[in-house]
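A short worksheet on the structure shown next.
Only the coordinates and a few stated rules stand behind these numbers; no lab work does. As the structure is a computational prediction, the values presented were derived from the model and not from experiment. Here Cβ is always computed from backbone atoms with ideal geometry, including for glycine, and neighbour counts include all displayed protein chains.
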Amino acid sequence: MGKVFHPGIKSGGDDPVSWTDPYTHAPDDYIKVDNVLIEAVSEERAKARPLQDQLLAEYAIQALKQVAPKAKSGMPAIAWHNFVNLTRYKDMQPYNVTHTGHINFTFPDQITLEMRQAYYSCISYIDYELGRVIAELDNQGLTNNTIISFWGDHGWQLGEHSEWQKETNFEDATHAPMMIHVPGVTDHGVVTEKLTEYVDLYPTLVEAAGLPKLDMCPPNSQNVSLCTEGTSMVPLMTNPTTDDWKTAAFSEYAKKSNVIDGDAVMGFSMRTEEYRYTEWINFKAMPLYKPMWDELQGS
């Protein structure tokens, strides 16, 4: 918004390839339309028909409200993780979130920066250690016949929307790394933007290893010894932009109880190319582990 470049025809129609959201146009105000160089505008007149700069300022204000790192209003409380276990460490005890509040609690800026710095340091450290292991594969002459799978069981929130750690169904907590090297197939690197899930890892490794294809699991697979709910990603390794692929990925996270021993409330999320949708549903645990879809606790 604003004149970051000359809008219109001189920028090829607002230079659309450079922006995620389209350029914001404010209509010509009446002063320009009236072809008047100097004119005083009363407050009442500007309120009835805002000037261009007023409109652009209002667009900017609304944009700031949308991108501020706070939880959305109307969000069900069960979707929130209060990250109180961060404060069990002695250097974090002065910032006990149980006393400060949960939703939209914000750590001081310096502590936020230090926690992010420590996290990124940890990532660099693990990257180095992983490199040592892969180097030894090379030393042993095993690289060309070893499939390498690198993945993490969850993402991690570092203050986005005032949320920390992992225990949510939000985008950052469910968007996690999954990288696979298959000798002779991905040697030169392959990147895909298609939706994938952790259930896809098992059938991928099976196919990449040349083992017999797995059958899909039936709705109730308790008595089935071997099956999969995922899709092999091997086709994406040769055609990463294929249209013949799944259109949604799913994740879930439990709240209020341990689903191993008893009932809970389960958060079920569906992610498509454009949207994420989550419902929190009462969940019956043993023996069927069944969601009660008509008992909605939030969405």
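No partner Cβ under 4.7 angstrom, meaning no disulfide-compatible partner by this rule: which Cys of the chain qualify?
Cysteines lacking a close Cβ partner in the chain: 122.
From the cross-link list 255/284; 70/194; 72/166; 246/284; 166/255, which pairs have alpha carbons spaced over 22 Å apart?
On the way: 255/284 13 Å; 70/194 29 Å; 72/166 18 Å; 246/284 28 Å; 166/255 13 Å.
Beyond 22 Å between Cα atoms: 70/194; 246/284.
Whats the longest run of the chain with zero trypsin sites (Lys or Arg not before Pro) that are DSSP loop and have at most 12 other Cβ atoms within 10 Å?
Here the longest segment lacking exposed loop sites spans 91-212.
Suppose a student asked you for the relative contact order of the chain, using Cα pairs under 8 Å spaced at least 6 residues apart; what percent would you report?
Worked out over the chain, it gives 11 percent.
Assigning unit charges at the beta carbon (Lys, Arg +1; Asp, Glu -1) and nothing else, what dipole magnitude in debye, to the nearest 20, does the chain show about its Cα centre?
580
Using DSSP to define loop residues, name the chymotrypsin sites (Phe, Trp or Tyr not before Pro) in segment 224-299 whose beta-carbon has at most 11 other beta-carbon atoms within 10 Å. Kindly include the intermediate steps, with their values, before the conclusion.
Working: sites: 245, 250, 253, 268, 275, 277, 280, 283, 289, 293; in loops: 245, 275, 289.
Those satisfying the criteria are 275.
Please list 3J(HN,Hα) in residue order for segment 217-225, calculated via the Karplus relation 6.51 cos²θ - 1.76 cosθ + 1.60 where θ = phi - 60°; whole Hz, with x for glycine and proline.
Coupling constants for segment 217-225: 6, x, x, 10, 10, 4, 9, 9, 6 Hz.
How much of the DSSP bridge set in the chain is antiparallel, in percent, rounded to the nearest 5? Intermediate results must be reported in sequence, preceding the final value.
On the way: 25 of 26 bridges.
Given both bridge residues lie in the chain, the antiparallel proportion sits at roughly 95 percent.
Which GluC sites (Glu not before Pro) from segment 176-210 combine a DSSP loop assignment with at most 16 other Cβ atoms within 10 Å? Mind showing how you got there, number by number?
Values: sites: 193, 197, 207; in loops: 193, 197.
Listed in order of number, the matching sites are 193.
Along the positive direction of the dipole of the chain (beta-carbon charges: Lys, Arg +1; Asp, Glu -1; about the Cα centre), which of 288, 46, 209 reaches farthest?
288
Residue by residue through segment 13-19, which ³J(HN,Hα) values in whole Hz follow from phi under the Karplus form 6.51 cos²θ - 1.76 cosθ + 1.60 (θ = phi - 60°), with glycine and proline marked x?
After applying 6.51 cos²θ - 1.76 cosθ + 1.60, I find x, 6, 6, x, 5, 8, 10 Hz.
Using P(r) over Cα pairs in 5 Å bins from 0, in percent as the read-out, say which of (i) 1, 4, 8, 10, 11, 11, 10, 9, 7, 7, 6, 5, 4, 3, 2, 2, 1, 1, 0, 0; (ii) 1, 4, 7, 9, 11, 12, 12, 12, 10, 8, 5, 4, 2, 1, 1, 1, 0; (iii) 1, 5, 10, 14, 16, 15, 13, 10, 7, 5, 3, 1, 0, 0, 0 was calculated from these coordinates.
(ii)
Can you list the DSSP H helices in the chain whose Cα atoms extend at least 27 Å along the helix axis and whose mean Kyte-Doolittle hydropathy is -0.5 or higher? Walk me through the numbers on the way to the answer.
Numbers: long enough: 109-139 (45 Å, -0.22).
The qualifying helices are 109-139.
Just to check, using Stokes-Einstein with a Kirkwood Rh over alpha carbon pairs, what's the diffusion coefficient of segment 8-67 at 25 °C and 0.890 mPa s in µm²/s?
So the translational diffusion coefficient is about 179 µm²/s.
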